[in-house]
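Notes follow once the structure below has been shown.
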Amino acid sequence: MSSKPEDELALEFSKVKISEEKKDPQVKKSPGGISLSLKGVAKAIKDGKIKNIIVMTGAGISCSAGIPDFRTPGTGLYSQLEKYKLPTPESIFTIDYFQTNPKPFCTLAKELYPGNFPPTPTHCFIRLLAEKNLLLRNFTQNIDTLEFGAGIPREKVVQAHGGFDSAHCLKCDTEYHPNYVKEILVNGDVPRCKVQRRSGNTCRGLVKPDIVFFGESLPQRFHELSAKDFPNCDLLIIMGTSLQVNPFAGLIDDVKENVVRMLFNREPAGVSDAPDLDDKDIAKLKAAAQEGDIRALIFMQRLKKKGLRIGKRNNTRDIFVKGDCDPCVKEFAKELGWEEDLEKIIIEVNEEFKKSSSKTSRTTEDDKSRPSRSGEEEKPSAKEEGKSSSKEEEKEKEVKK
């Protein structure tokens with residue numbers, strides 16, 4: 001059996017001659033007639049050809065606010081976790097590990113908690129898209145909730161991985177005000193449930209911000225709106241994400257085949273590893289496959305791999321805008337003629353952040369210390385009490401078994 005890679009085997013096809021030309025000719029326009037450049041997309045928006053924009057965002061859009069991303073070597077969050085002595089960097093966001101050792105996450109959460117960081121110009125640009133009635137939805141991996149600080153309408157945002165803006169007890173499901181959780185974290189402690197059970201004992205379950213950990217399901221809203229929105233999208237903008245975590249990363253392939261996809265990022269991400277062939281090469285492969293050449297059939301399957309086609313010879317719709325997100329969106333706003341609009345929002349958001357920061361220091365003790373549903377510090381609602389009791393009864397039955 002040959003040990004040569006599939007790509008080399010492909011070059012030996014008796015009936016296929018794959019071009020060795022490595023030059024990547026520039027593609028002028030997408031199948032929909034949109035020039036593949038910032039200027040070209042801006043023109044399509046101004047001409048009314050684009051009306052339903054989906055923006056997918058990752059940690060890279062919050063870096064300028066002072067929040068580290070996850071995977072940048074040296075500065076990313078995962079590279080700064082050695083002090084916690086974790087089994088793996090991802091363990092800090094793993095539900096099983098959290099339930100046995102919550103302290104590392106609680107220590108990290110204290111540093112990352114909302115209110116310490118201002119929204120960025122990129123967040124403001126997404127809000128501007130909403131104000132121009134062009135934003136279909138912002139699907140975000142981020143848990144920092146800076147979207148809401150920037151004034152992006154809540155109904156326009158899907159937090160694929162949850163956020164710090166709500167919290168629940170893992171044992172009895174009582175909802176807690178985020179300020180209650182924040183106050184405990186700031187003091188260096190682990191938040192625990194204060195609800196009194198019928199037995200007279202305090203629940204004492206771990207209270208966790210509603211962030212989706214590894215091992216937990218994504219919110220139902222993510223699945224419902226992604227299925228609804230992506231078929232209706234006519235421009236996909238991807239910002240500040242490595243596109244390494246599924247199912248979020250796979251959303252880039254859920255738009256129609258003629259929809260332009262723009263990646264604003266420091267480096268290419270989500271690029272397909274399918275062979276880089278031009279149309280003539282693909283035609284030769286198809287002909288060989290139709291004649292029964294097994295190697296051609298196998299190779300054709302590799303061409304179906306999904307992902308962005310940035311840098312590929314058969315790229316007809318993907319645009320890579322290299323750099324930090326903030327200067328890139330400002331350049332995009334300039335091409336759109338929205339510079340003044342964007343600057344006004346940035347000023348407004350910064351002023352609002354300064355005001356809210358000063359208000360935070362004057363938050364009342366009531367807001368900090370009560371479960372948000374019950375309105376009382378240690379008494380759950382009837383609904384919660386019933387839910388908690390049923391959970392306890394189920395556990396008792398399991399023990400008896």
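For A59, which of the numbered conditions (1) closer than 25 Å to F222 by Cα; (2) at pLDDT below 95; (3) open to solvent by 60 Å² or more (accessible area, probe 1.4 Å) fails to hold?
For A59, the exception is condition (3).
Can we say I298 is open to solvent by 30 Å² or more (accessible area, probe 1.4 Å), without any contact (Cβ under 8 Å) to a residue 12 or more places away in the chain and farther than 27 Å from Q159 by Cα?
On the way: open to solvent by 30 Å² or more (accessible area, probe 1.4 Å): yes; without any contact (Cβ under 8 Å) to a residue 12 or more places away in the chain: no; farther than 27 Å from Q159 by Cα: yes.
No: the conditions fail for I298.
Would you check if there is a residue in region 326-334 being open to solvent by 60 Å² or more (accessible area, probe 1.4 Å), without any contact (Cβ under 8 Å) to a residue 24 or more places away in the chain and either touching a strand residue (DSSP E or B) at 6+ places or on another chain (Cβ under 9 Å) or among the polar types (S, T, N, Q) (or both)? So that I can check it myself, show each step before the final result.
Restricting attention to region 326-334, the residues satisfying the condition of being open to solvent by 60 Å² or more (accessible area, probe 1.4 Å) are 327, 330-331, 334.
This time we only want the ones that are without any contact (Cβ under 8 Å) to a residue 24 or more places away in the chain, so: 327, 334.
When the remaining residues are screened for being either touching a strand residue (DSSP E or B) at 6+ places or on another chain (Cβ under 9 Å) or among the polar types (S, T, N, Q) (or both), the result is none.
No - not one qualifying residue is present in region 326-334.
Taking region 49-63 as the region of interest, how many residues are under 24 Å from N133 (Cα atoms), in contact with a strand residue (DSSP E or B) (Cβ under 8 Å, 6 or more places away or on another chain) and not hydrophobic (A, V, I, L, M, F, W, C)? Let's see the steps before the verdict.
Here is the first cut: in region 49-63, the ones under 24 Å from N133 (Cα atoms) are 49-58, 61-62.
Narrowing the set further to residues that are in contact with a strand residue (DSSP E or B) (Cβ under 8 Å, 6 or more places away or on another chain) leaves 50, 52-58, 61.
If we keep only those that are not hydrophobic (A, V, I, L, M, F, W, C) as well, we get 52, 57-58.
The number of residues fulfilling the criteria is 3.
Of all residues in region 211-242 being in a loop (DSSP other than H, G, I, E, B) and closer than 30 Å to E175 by Cα, which is most open to solvent (accessible area, probe 1.4 Å)? Step through it out loud before you land on a result.
Start the filter on region 211-242 by keeping residues that are in a loop (DSSP other than H, G, I, E, B), which leaves 212-213, 215-219, 233-234, 240-242.
After this cut, where a residue has to be closer than 30 Å to E175 by Cα as well, the list is 212-213, 215-219.
Values: V212: 30, F213: 4, G215: 78, E216: 61, S217: 102, L218: 33, P219: 44 Å².
Looking at residues that are in a loop (DSSP other than H, G, I, E, B) and closer than 30 Å to E175 by Cα, I get S217.
Which residue, of V321, V329, is touching a helix residue (DSSP H, G or I) at 6+ places or on another chain (Cβ under 9 Å) and in a strand (DSSP E or B)? Quick ask: steps written out before the conclusion?
Values: V329 fails: in a strand (DSSP E or B).
Only one candidate passes the filter, namely V321.
Residues that are within 27 Å of N232 (Cα to Cα), out of contact with any His (no Cβ under 7 Å at 6 or more places or on another chain) and open to solvent by 30 Å² or more (accessible area, probe 1.4 Å): does region 159-171 have at least one? If you could, list the steps in order and put the result at the bottom.
Step one: list which residues in region 159-171 are within 27 Å of N232 (Cα to Cα), which gives 159-163.
Add one more test, that the residue is out of contact with any His (no Cβ under 7 Å at 6 or more places or on another chain), and what stays is 159-163.
Then keep just the ones that are open to solvent by 30 Å² or more (accessible area, probe 1.4 Å); that gives 159, 161.
Checked against the condition, which is being within 27 Å of N232 (Cα to Cα), out of contact with any His (no Cβ under 7 Å at 6 or more places or on another chain) and open to solvent by 30 Å² or more (accessible area, probe 1.4 Å), region 159-171 yields at least one hit.
How many residues, within region 142-158, are open to solvent by 30 Å² or more (accessible area, probe 1.4 Å) and either part of a helix (DSSP H, G or I) or at pLDDT below 95 (or both)?
Just the residues of region 142-158 that are open to solvent by 30 Å² or more (accessible area, probe 1.4 Å), to begin with: 148-149, 151, 153-156.
Still in the list and also either part of a helix (DSSP H, G or I) or at pLDDT below 95 (or both): 148-149, 154-156.
Residues flagged as open to solvent by 30 Å² or more (accessible area, probe 1.4 Å) and either part of a helix (DSSP H, G or I) or at pLDDT below 95 (or both) within region 142-158 amount to 5.
Checking the conditions here, which among D210, D229, D234 is acidic (D, E), touching a strand residue (DSSP E or B) at 6+ places or on another chain (Cβ under 8 Å) and at pLDDT below 95?
On the way: D229 fails: at pLDDT below 95; D234 fails: at pLDDT below 95.
Every option except D210 fails the conditions.
Determine whether region 173-185 contains at least one residue that is closer than 17 Å to F353 by Cα, buried (at least 19 other Cβ atoms within 10 Å of the Cβ) and at pLDDT below 90.
Our first condition is that a residue be closer than 17 Å to F353 by Cα; within region 173-185, this holds for 179.
Adding the requirement that they be buried (at least 19 other Cβ atoms within 10 Å of the Cβ) leaves 179.
Now restrict to residues that are at pLDDT below 90: 179.
Looking for residues that are closer than 17 Å to F353 by Cα, buried (at least 19 other Cβ atoms within 10 Å of the Cβ) and at pLDDT below 90, one finds at least one in region 173-185, hence yes.
Report, by residue number, each residue of region 243-273 that is in contact with a strand residue (DSSP E or B) (Cβ under 6 Å, 6 or more places away or on another chain), open to solvent by 20 Å² or more (accessible area, probe 1.4 Å) and not in a loop (DSSP other than H, G, I, E, B).
V271, the sole residue that qualifies.
Can you tell me which residue within region 116-134, out of those that are surrounded by fewer than 18 Cβ atoms within 10 Å (Cβ to Cβ) and either of a type outside the set (A, V, I, L, M, F, W, C) or under 18 Å from the mean Cα position of the chain (by Cα) (or both), is nearest to F214 (Cα to Cα)? Even if it seems obvious, please write down each step before you answer.
Step one: list which residues in region 116-134 are surrounded by fewer than 18 Cβ atoms within 10 Å (Cβ to Cβ), which gives 116, 131-134.
From the residues that got through so far, the ones that are either of a type outside the set (A, V, I, L, M, F, W, C) or under 18 Å from the mean Cα position of the chain (by Cα) (or both) too are 116, 131-133.
Working: N116: 25, E131: 34, K132: 36, N133: 35 Å.
Step by step, filter region 116-134, then rank; the result is N116.
Going through D173, D210, D229 one at a time, which residue ends up being touching a residue at least 40 places away in the same chain (Cβ under 8 Å) and more than 25 Å from A59 (Cβ to Cβ)? Outline the logic, then answer.
Details: D210 fails: more than 25 Å from A59 (Cβ to Cβ); D229 fails: more than 25 Å from A59 (Cβ to Cβ).
Just one listed residue meets the conditions, D173.
Go through region 304-330 residue by residue and tally those that are more than 27 Å from the chain's Cα centre (by Cα) and of a type outside the set (K, R).
Here is the first cut: in region 304-330, the residues more than 27 Å from the chain's Cα centre (by Cα) are 313-314.
Now restrict to residues that are of a type outside the set (K, R): 314.
Count: 1.
Mind checking which pairs have a first residue in region 192-203 that is surrounded by fewer than 17 Cβ atoms within 10 Å (Cβ to Cβ) and a second that is assigned to a loop (DSSP other than H, G, I, E, B) and among the β-branched types (V, I, T), Cβ under 8 Å, 6 or more apart or different chains?
Cβ pairs passing all conditions: T202/V195.
Based on this model, can you work out whether V349 counts as in contact with a His (Cβ under 9 Å, 6 or more places away or on another chain), modelled with pLDDT of 85 or more and surrounded by 17 or more Cβ atoms within 10 Å (Cβ to Cβ)? Let's see the steps before the verdict.
Working: in contact with a His (Cβ under 9 Å, 6 or more places away or on another chain): yes; modelled with pLDDT of 85 or more: yes; surrounded by 17 or more Cβ atoms within 10 Å (Cβ to Cβ): yes.
So V349 passes the test.
Please indicate, with yes or no, whether at least one residue in region 78-86 is assigned to a helix (DSSP H, G or I), open to solvent by less than 60 Å² (accessible area, probe 1.4 Å) and either under 30 Å from D254 (Cβ atoms) or at pLDDT 80 or above (or both). Give the derivation first.
Restricting attention to region 78-86, the residues satisfying the condition of being assigned to a helix (DSSP H, G or I) are 78-80, 82-84.
With open to solvent by less than 60 Å² (accessible area, probe 1.4 Å) added as a condition, the list becomes 78-79, 84.
If we keep only those that are either under 30 Å from D254 (Cβ atoms) or at pLDDT 80 or above (or both) too, we end up with 78.
Yes.
The values are calculated or read from the model by the stated rules, or taken from the named source; none is laboratory data. Given the structure is predicted, the values throughout are model-derived calculations rather than measurements. Backbone-built Cβ (ideal geometry, glycine too); neighbour counts: all protein chains shown. Ligands, DNA and RNA are stripped out before the accessible areas are found, and what is left, the full protein with its side chains, is counted by its heavy atoms. Shrake-Rupley method; radii C 1.70, N 1.55, O 1.52, S 1.80 Å.
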